[in-house]
Amino acid sequence: MTTSARLRNRRVQLVRRATTSKAVRGSLVSVAGLVGAPVANQAAEEVGRVVDVVARLYGTDPYPPLTGLVIRIGRRRAFLMADAIEQVAAGRVRLRTARMDLREYERRPGEVLLARDVLDHQLVDVDGIQVTRAADLYLAPLADRIVLVGVDVSLPTLLRRLGPRRWQARPTPERVLDWQAVAPFAEHATDGPAQVRLRGPRSGLHQMRPADLADVLEDLGRSERQQLLAWLEPAAAADALEEMEPGELENLLREAGPKYAARMMEEMEPDEAVDALRDLGEGERESLLDRMPAAQATGLRSLLAHREGTAGGAMTTRLVTAGREHTVAQVRAMLAQQSEHRTEIDAVAVLDPDGRLLADVPLFHLTVAEDAATLGEMVDWLAQFGPQAVVGPDTRIDEAADQLLASRASSLLVVDEHERPVGRMLADDVLDTLLPERGRRHFRRFLQ
């Protein structure tokens, strides 16, 4: 089954989930249709008009409950509590009593103005893994409350609402996602603190692969992208940044500000961080480096000193090294401590007492070897196959690619004039350099 087919099937499941109950399906109320609708008391006398719908998005309820309405009475904007509402129907609101406790509206923690803060703003469909836009929102009575149950993301709904024709009192939902399948973003409110944010761990975004999260970041607008970055831990953000297109990554780093951009780059793999730094202006680059720990900044500056298009300019300095005396069990323990960098490590360099390379042992050989075996024994065994392929820092990428293919390896060690390893050049770094028009679609992006 193709990816597009799987996404279509997934979306059908979401639609079914949103409209499982016939009662709910038959009582959907459009938020867009409520704006401007009359509010009547028990005597059917109009007392005001709906300005917005207020809901509490960030509680423990799976579907956000309606907490009230902002209504206009003359020139006054008042807040009507939810317990004063008898019925919310398509195009009208009926109250329980003729007596009302109308308060001047003040935004409370956790509350969101659905029409202002969510409608027409971007959403992340965490099941379909894409960015979309809320064409309409739907309320429905559920467990003696009125709750937000879904969002319409179809283009026809958006065009019908924004077009010249008047919005229908009873719109037909085109494509409804269950509210639990989306995470909302919105512009900051101008009359109060920003209230719309990601819905926390239950949004599902924390479970997304870095490659998918990178796609989301690239599709989001500037303000929404900053909201997502603010929610993510720097390490998680860095994983996603490594998968972004160079131009998009450059824009994101500028938007994030020097302090947070430097924090994210600290978490990136050295070769990826250097690629990003090269795309920035010299002043911007130095501003970020000055905000990093001294040792890390020194390492990145040394990599930047190598020319682009060479092995030194494309290598990572993330290496695992051992001596002949180390056992396989000891080396496995070393690798376990580097598990977060597993995409950068595919072999262990065995060095002599002076730090010169003896052999580069692939992880597969370490996997099948006995725990008590020494790396010296593995070095002697590998010697029968002849010298291993290595490159120098100034080796051109096309020459390195030829050696990589000839050796049938997934990486090459980069060594200095004294045969001491200074870095490792991975196959995906070769592809990124030779095929820049394909963007940063690394091997690990497809294999995760």
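The values are calculated or read from the model by the stated rules, or taken from the named source; none is laboratory data. All values reported here derive from a predicted model rather than from experimental measurement. When we count neighbours, we look across all protein chains shown, and the Cβ atoms used for this are built from the backbone with ideal geometry, even at glycine.
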Being at pLDDT 75 or above and either outside any loop (DSSP other than H, G, I, E, B) or in the same structural domain as PRO109 (by TED's automatic domain parsing) (or both) narrows GLU187, GLU218, GLU174, GLU224 down to just GLU218
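Report, by residue number, each residue of the stretch 369-398 that is part of a helix (DSSP H, G or I) and surrounded by 14 or more Cβ atoms within 10 Å (Cβ to Cβ).
Within the stretch 369-398, LEU375, GLY376, GLU377, MET378, VAL379, TRP381, LEU382, ILE397 qualify.
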In the stretch 91-124, anything touching a residue at least 24 places away in the same chain (Cβ under 8 Å), over 36 Å from the mean Cα position of the chain (by Cα) and on the phi < 0 side of the Ramachandran plot is listed as ARG92, VAL93, ARG94, LEU95, ARG96, THR97, ALA98, MET100, LEU102, ARG103, GLU104
- prompt: Is there a residue being hydrophobic (A, V, I, L, M, F, W, C), in contact with a Lys or Arg (Cβ under 6 Å, 6 or more places away or on another chain) and closer than 20 Å to GLU419 by Cβ anywhere in the stretch 359-378?
  reply: yes
Among helices (runs of 4 or more DSSP H) entirely inside the stretch 279-341, those with 3 or more residues being of a type outside the set (A, V, I, L, M, F, W, C), more than 20 Å from PRO246 (Cβ to Cβ) and not assigned by TED's automatic domain parsing to the domain that holds LEU366 are 294-304
Note: among THR298, THR316, just one is crowded, with 16+ Cβ neighbours inside 10 Å and either modelled with pLDDT of 90 or more or β-branched (Val, Ile, Thr) (or both), namely THR316
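Filter the stretch 46-82 for residues that are without any contact (Cβ under 8 Å) to a residue 12 or more places away in the chain, more than 21 Å from VAL182 (Cα to Cα) and not small (Gly, Ala, Ser); which is surrounded by the fewest Cβ atoms within 10 Å (Cβ to Cβ)?
First, pick out the residues of the stretch 46-82 that are without any contact (Cβ under 8 Å) to a residue 12 or more places away in the chain: 46, 60, 74-75.
Now drop any that are not more than 21 Å from VAL182 (Cα to Cα), which leaves 46, 74-75.
From what's left, not small (Gly, Ala, Ser): 46, 75.
Details: GLU46: 10, ARG75: 5.
Across the stretch 46-82, the extreme among qualifying residues is ARG75.
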Taking the stretch 94-153 and the residues there that are among the small types (Gly, Ala, Ser) and surrounded by 17 or more Cβ atoms within 10 Å (Cβ to Cβ), the one that is modelled with the lowest pLDDT would be GLY128
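Please state which one of LEU351, LEU363 is surrounded by 14 or more Cβ atoms within 10 Å (Cβ to Cβ) and modelled with pLDDT under 95.
Going through LEU351, LEU363 in turn, just one is surrounded by 14 or more Cβ atoms within 10 Å (Cβ to Cβ) and modelled with pLDDT under 95: LEU363.
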